[in-house]
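Taken together, the values in this text are just the output of simple stated rules run on the coordinates, not laboratory data. Note that this is a predicted model, so its numbers are computed, not measured. Neighbour counts are summed over all protein chains in view; Cβ atoms, including those assigned to glycine, are modelled from backbone coordinates with ideal geometry.
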Amino acid sequence: MVNSPTTPLAQTARLLDLVPFLLSHQGISISDLAAHFKVEKDVITDDLNTLWMCGLPGYTPLELIDLAFDSGYVTIRNAAPLAYVRTMSSSEIVSLALGLDLLRDSLLNLGNEQVSRIDRLSQRLRSQIGAHISIASGTQTAHRSMIATSIARRVPVEMTYYSSTTDQETRRIVTAYDFFQENDVEYFQAYCHTSNGMRTFRVDRIVTASVAQESQEIVNDKKQKSERIRVGATVRSLDRTSAEAFRLAFEELEVGASVALEAFSSDWLVRAIMAGAGSLVVEEPSEIRQLVRRSIDSAIALYE
Amino acid sequence: MHTVSRKSERLVNLTIALLATKRYLTKSDIFRTVEGYEGAPEAMERMFERDKDDLRSLGIAIELGTFDPLFEDEAGYRITPASYRLDLGELDGSDIALLSIAASAWTGAALERESTSALVKLASMGLDSDEEALSLLAPRVSGTDNNFASITDAVVRRAEIEFQYVGVDLTRHDRRIAPYSLRGQNGSWFLVGQDLEKQELRTFRLDRIVSEVKVSKKSNAFDIPDQIPDQNADQAKEFALIRIRRNRGHQLRSVATLVHSDEEWDELSLPILDESWLLRAILWHRDDVFVLEPASLRKSVIDSLKHLQALHG
């Protein structure tokens, strides 16, 4: 829900925008109206009651804005001076321009006509604000839209996928089922035709993606259980790399504290502990501590 | 609640009066005719000054002028329809559809409020648009950062900002920055700006800003150079020579150049842009990567490994 919709300024902005919106949506229901403005129904009713008192100086029925909404449906008359759609603020323009950046990437798979239309709109918006705010034209959103297509049409997608855990790129054919988000990272669930099972992938780890040529069969839906590994560790020094890797809150960390770490694979965990350069020490379980130790030893061996 | 409505009612009435008038309205015209101005003259004066500021903060331009340049009349106010009205040039239904999908990318994210009012304005233009066809591909902005709206505002207005940033050792540092640009890449937002204490161009990741971002009221406080230099290999003062096991170390390979390879190892050269990042990346790769040169980097890798070894003894 939108922040504090009831401050006088927020309400004024909404009242000014209500008039042209109502003029082009005569007879809209109050609940639809509230949905468009993303506020509660009683907030919009309060707005209508206030707007009903507004008009040209004189404020006789001839000058006041004529609103009817008793029936739950809104009609408006006599609102000529406010009929103009109000100019956009720079943050509204920024929101559109950044949205277009993303949309452009999503449409790259689809063809040029929409893309050049987006470029034209984007240039027009940016010339109004003249600021450097953008989203890198990345492959990520193009990949996302490929996965979205797979979800919507159940088409298999052939992708090269980078696994940071095994530090390897693999080619896979997948049919995606759903997106989900955890800790600001976007994942998708997919049936992997290459390994015949359900798998979870990170959208930002896709290296290439395209619609698979041959049709694929989904063999059996044996779900692989992904067990989380839990490890007890001690904080030896404060370190941003470790905090970010294990999603530990910056402000809660202190030297000497015991922390619980979680990971999906022991391989990843060992790497993250090593990259922490001694800021975290694994205490238990002892198998994992030994795993870390062996890894350190073999890295040191390279220099001996 | 009642006072809130009274104030917005007055602001709307003032906007209508100033927008509908053909001539400039003087303060006494306004106090006499616009609903909501009452009390002692000084009180009305103060009220009017605040109201003007409020309308301006909504982006409404109030013009000051006189009836007749030949006489020294009292100055008056008006809002011209040309400055009030949205002008995005000629748009058709498909343009509106694309813009609407772009706005809806912010659902649940930082600029949701701004994009909601932008959507309302687009819908008010009275053009039929077909969003269904494309809505399947509607992108989503990632990022719910509370500071996002303040930072975009500062970049657009060229206003200085202050915040606390968390360093590699988790200490907090106060930063005062002239923000030049904001860029989303690989799921993170990066702010590039001139550090006003250090007088250097710096890049900040938004999720490492640990305080509220304070934006100065003063707009147009600095100029942005035409070319904002990129941190790239051209600027590296030093290069590292490392060995990576074949088919391993993809993250490091993407920033390195291959020098030589044998059956087991590839030898690569890579620019040292951020020594601390490089050290961590090398440690991450365990026994798949090792450093040949420079000696200082080689030493810090060995020291870190020995430190890790002692701790896990």
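Taking θ = phi - 60°, what integer Hz values does the Karplus form 6.51 cos²θ - 1.76 cosθ + 1.60 yield along the stretch A:57-65, in sequence order, with x for Gly and Pro?
The phi angles translate into x, x, 6, 8, x, 5, 9, 6, 5 Hz.
Could you estimate the translational diffusion coefficient of chain B from the Stokes-Einstein equation, with Rh from the Kirkwood formula over C-alpha pairs, at 10 °C and 1.306 mPa s, in whole µm²/s?
Result for D is 63 µm²/s.
Return the single residue from B:243, B:46, B:286 with maximal mean-square fluctuation; model: Gaussian network over chain B, springs between Cα atoms under 10 Å.
Its mean-square fluctuation being the largest, the pick is B:46.
Trypsin sites (Lys or Arg not before Pro), restricted to the stretch A:55-121: which are DSSP loop and have at most 12 other Cβ atoms within 10 Å?
The qualifying sites: there are none.
Give me the log10 of I(q) over I(0) for the protein assembly as shown at q = 0.10 Å⁻¹, as the Debye formula computes it from C-alpha points; what are the numbers?
-1.02
Within the stretch B:246-286, list the GluC sites (Glu not before Pro) lying in a DSSP loop whose Cβ has at most 14 other Cβ atoms in a 10 Å radius.
Filter output for the stretch B:246-286: B:263, B:264.
Label the stretch A:16-141 by shape, choosing from rounded, prolate and oblate, from the square roots a ≥ b ≥ c of the eigenvalues of the Cα gyration tensor; if a/c is under 1.5 it is rounded, and otherwise prolate applies when a/b is larger than b/c, oblate when it is not.
prolate
Could you tell me how many degrees, from 0 to 90 and to the nearest 10, lie between the Cα long axis of helix B:93-104 and the main elongation axis, the longest principal axis, of the Cα atoms of chain B?
60
Can you check how the C-alpha radius of gyration of the stretch A:228-302 compares to 2.2 N^0.38 Å, as a plain ratio?
For the stretch A:228-302, the normalised Cα radius of gyration is 1.03.
If you line up the long axis of helix B:2-20 against the longest principal axis of chain B, both from Cα atoms, how many degrees apart are they, to the nearest 10?
70
P(r) tail for chain A, what percent of Cα pairs lie past 34 Å?
52
Filter the DSSP H helices in chain A by two things, a Kyte-Doolittle mean of at least -0.5 and an axial alpha-carbon span of 24 angstrom or more, and list the hits by number.
A:8-24, A:90-107
Among B:241, B:64, B:273, whose mean-square fluctuation peaks in a Gaussian network model of chain B (Cα, cutoff 10 Å)?
In the Gaussian network model the winner is B:64.
Could you grab the relative contact order for the stretch A:228-302? Cα pairs under 8 Å, six or more apart, rounded to a whole percent.
Computed over the stretch A:228-302, the figure is 41 percent.
Please enumerate, by chain and number, the aspartates and glutamates with C-alpha under 16 Å from the C-alpha of residue A:41, excluding those fewer than 8 residues away in the same chain.
A:32, A:70
Report, as a whole number in µm² per second, the diffusion coefficient that Stokes-Einstein gives for the stretch A:8-83 at 10 °C and 1.306 mPa s using the Kirkwood radius over alpha carbon pairs.
128
Return the subset of A:38/B:7; B:27/B:52; B:7/B:52 for which the Cα-Cα distance in this structure is over 19 Å, preserving the input order.
Pairs exceeding the cut-off: A:38/B:7.
As a check on your grasp of the helix formula, calculate [θ] at 222 nm for the protein assembly as shown: sum -39500 (n - 2.57) over DSSP H runs of n ≥ 4, divide by the residue count, round to the nearest 500.
Value at 222 nm, helices only: -11500 deg cm²/dmol.
Rounded to the nearest 10 degrees, what's the angle between the helix B:148-157 long axis and the longest principal axis of chain B, both from Cα atoms, 0 to 90?
The helix B:148-157 is inclined about 70 degrees to chain B.
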